[in-house]
Amino acid sequence: MPIQISIRAETAALQGKAAALGGLKEAAGELAAAVIAERAAELAPVDTGELRGSIRPQRLGEGWAVVASAPHAGYVEYGTSKMAAQPYLRPAAQGVDGESIAQAALARIGF
């Protein structure tokens, strides 16, 4: 026995959502960078707060990056011969959950 399904929808609303999908890739990249930057700031060791305050998402060509611009940012992340590493960027990036980024991106455009 064949099954028939009828779907009724407001085409104007669907057209708007379909147009918003074009920006989904961009929104997901921006959101991922923002989430990573926020997490990295939480993980960064704090002495004066300069390192934590320098962490931010940044547009990089057609993509996004997370930048820590404090002069000592690299020394803290990777360590030196006199100081152990205290990674904050790499663990932040590794801890990003792709599903939550996708959900946040969809919510941003109204899905």
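The values are calculated or read from the model by the stated rules, or taken from the named source; none is laboratory data. A quick note: this is a predicted structure, and the numbers were derived from the prediction, not measured. Counting neighbours? That spans all protein chains shown, and the Cβs are built from the backbone with ideal geometry, glycine included.
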Per the list (1) hydrophobic (A, V, I, L, M, F, W, C); (2) at pLDDT 90 or above; (3) surrounded by 11 or more Cβ atoms within 10 Å (Cβ to Cβ), residue check on residue 20 breaks on (2)
Sole miss for residue 14 among (1) more than 19 Å from the chain's Cα centre (by Cα); (2) modelled with pLDDT of 85 or more is condition (2)
For segment 51-63, pairs from a residue that is among the hydrophobic types (A, V, I, L, M, F, W, C) to a residue that is part of a strand (DSSP E or B), with Cβ under 8 Å and 6 or more apart or across chains, are 51/68; 55/66; 55/67; 55/68
### Task
Determine if segment 56-64 includes at least one residue that is at pLDDT 75 or above and more than 26 Å from residue 27 (Cβ to Cβ).
no
Of (1) of a type in the set (Asp, Glu); (2) loosely packed, with under 11 Cβ neighbours inside 10 Å; (3) at pLDDT 90 or above, residue 47 satisfies every one except (3)
Checked 28, 70 against criteria (part of a loop (DSSP other than H, G, I, E, B), of a type in the set (Gly, Ala, Ser), modelled with pLDDT of 70 or more and surrounded by 13 or more Cβ atoms within 10 Å (Cβ to Cβ)); the one match is 70
Within segment 73-97, restricting to residues that are outside any loop (DSSP other than H, G, I, E, B) and in contact (Cβ under 8 Å) with a residue 12 or more places away in the chain, the one that is farthest from the chain's Cα centre (by Cα) is 76
